[in-house]
Amino acid sequence: MPAREYITELHEHWVQISMSAKGNPYDNAYTEAFFKTLKNEEMCLWEYESFTDVVERIPQFIEEVYNRKRVHSGIQYLPPEEFEAIVQDEQKKQSLGQITLTLPR
C-alpha cells in the first residue's frame with residue numbers, strides 16, 4: 001500500500017499517526033529501545049512453543065523485570081521501583097546525596 005493510501009486509511013479510522021518527520025528518527029527512540037530490550041532479554045532466552053506462551057511471558061517480563069528490576073539509564077541507572085521510592089522519600093534522597101533526583105519529563 002503506498003504511503004498516501006496508508007495515511008488516508010489511518011485518518012479515516014481516526015488513528016493518530018506516530019511517525020517521525022523526515023530525517024528525525026528520534027520520536028520513537030524510547031519505543032525502539034524497549035523493543036530491543038524485550039528481544040534481547042526476553043525473547044532470545046525463551047523458546048516459545050505457542051502464541052499462548054508469548055501472551056503469558058511477555059506481560060510477565062514487562063511487569064516483573066522491565067518495570068521493577070531492570071536498571072534504566074534515563075533514571076540514573078536505577079530500577080524503576082527504587083527510583084520511585086527515592087523520589088517519594090526526601091530523607092532517603094538526601095542520605096544518598098541525590099537531592100536533585102527528579103522524575104524525567
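A few notes on this one:
- Those aspartates and glutamates that a straight Cα-Cα span of less than 18 Å connects to LYS39, excepting residues fewer than 8 apart in one chain: GLU47, GLU49, ASP53, GLU56, GLU63, GLU64
- Sorted by Cβ neighbour density within 10 Å, fewest at the top, the residues ARG4, ARG57: ARG4, ARG57
- Cβ-to-Cβ counts within 10 Å put PHE34, PHE83, PHE51 in ascending order as PHE51, PHE34, PHE83, the fewest first.
- Of all aspartates and glutamates in the structure, the ones whose alpha carbon falls short of 18 Å from that of LYS69, not counting any fewer than 8 places away in one chain, are GLU41, GLU42, GLU81, GLU82, GLU84.
- Loop sites in segment 1-86: GluC sites (Glu not before Pro), DSSP, at most 11 other Cβ within 10 Å: GLU47, GLU49
Throughout, read-outs are computed from the coordinates displayed, never taken from laboratory work. Since this is a predicted model, take the numbers as computed values, not measurements. Note that we place each Cβ from the backbone using ideal geometry, even for glycine, and neighbour counts take in every protein chain shown.
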